[in-house]
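To start, the structure under review is shown below, and the notes come after it.
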Amino acid sequence: MHELAVTQSILDISIRHAKEADAKRVTGINIVIGQFASIVDDSVKFYWDLVAEGTIAHGATLHFERIPGEMTCEACGHTFRPGDISFECPACSSVQVRITQGEEFRVDSIDVE
């Protein structure tokens, strides 16, 4: 259910920036979501029509860009994309890794009229 709050935040950010630009309408919103961000695109799309109704963003299209996850091994420094099950370093088998990409979540840009 956190996608409802996330969707409301996307709307608030978009409307604030659109108004600062004296836009009459928001037509599209470009959103970047990392693999580890735990945001479900379909849930955001579902809530979008509910939260945007009656605003200058009503009818705007949501565009999602997914960023793949990346990890760096603390033991050997190897950077890799993790598998679906294991976050073990493929170079040295260490599990002492840190996420270096894939936690992103942001409104990248908005399209306005």
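The values are calculated or read from the model by the stated rules, or taken from the named source; none is laboratory data. Bear in mind the structure is a predicted one, so any value in this text is a computation, not a measurement. As a convention, Cβ positions derive from the backbone with ideal geometry for all residues, glycine included, and neighbour counts pool all protein chains shown. Heads up: the accessible areas ignore ligands, DNA and RNA and are worked out on the full protein's heavy atoms, side chains in. Shrake-Rupley method; radii C 1.70, N 1.55, O 1.52, S 1.80 Å.
Quick notes on this structure:
Yes/no per residue for (1) over 29 Å from Glu70 (Cα atoms); (2) at pLDDT 95 or above; (3) open to solvent by 20 Å² or more (accessible area, probe 1.4 Å):
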{"site": "Glu3", "(1), (2), (3)": "no, no, no"}
{"site": "Ile10", "(1), (2), (3)": "no, yes, no"}
{"site": "Ala18", "(1), (2), (3)": "yes, yes, no"}
{"site": "Lys24", "(1), (2), (3)": "yes, yes, yes"}
{"site": "Ile33", "(1), (2), (3)": "no, yes, no"}
{"site": "Asp41", "(1), (2), (3)": "no, no, yes"}
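- Residue satisfying all of: in segment 89-104; open to solvent by 80 Å² or more (accessible area, probe 1.4 Å) and out of contact with any Asp or Glu (no Cβ under 8 Å at 6 or more places or on another chain); nearest to Phe36 (Cα to Cα) among these: Glu103
- Residue check, Asp49 out of contact with any strand residue (DSSP E or B) (no Cβ under 8 Å at 6 or more places or on another chain) and of a type in the set (Asp, Glu): yes
- Cβ pairs under 8 Å, 6+ apart, first in segment 88-113 and closer than 30 Å to Gly59 by Cα and of a type in the set (Gly, Ala, Ser), second open to solvent by 60 Å² or more (accessible area, probe 1.4 Å) and assigned to a loop (DSSP other than H, G, I, E, B): Gly102/Gln35
- When every residue of segment 59-73 is checked against the conditions, at least one turns out to be touching a Pro at 6+ places or on another chain (Cβ under 9 Å) and open to solvent by 10 Å² or more (accessible area, probe 1.4 Å).
- Residue check, Ser86 surrounded by fewer than 15 Cβ atoms within 10 Å (Cβ to Cβ) and modelled with pLDDT under 95: yes
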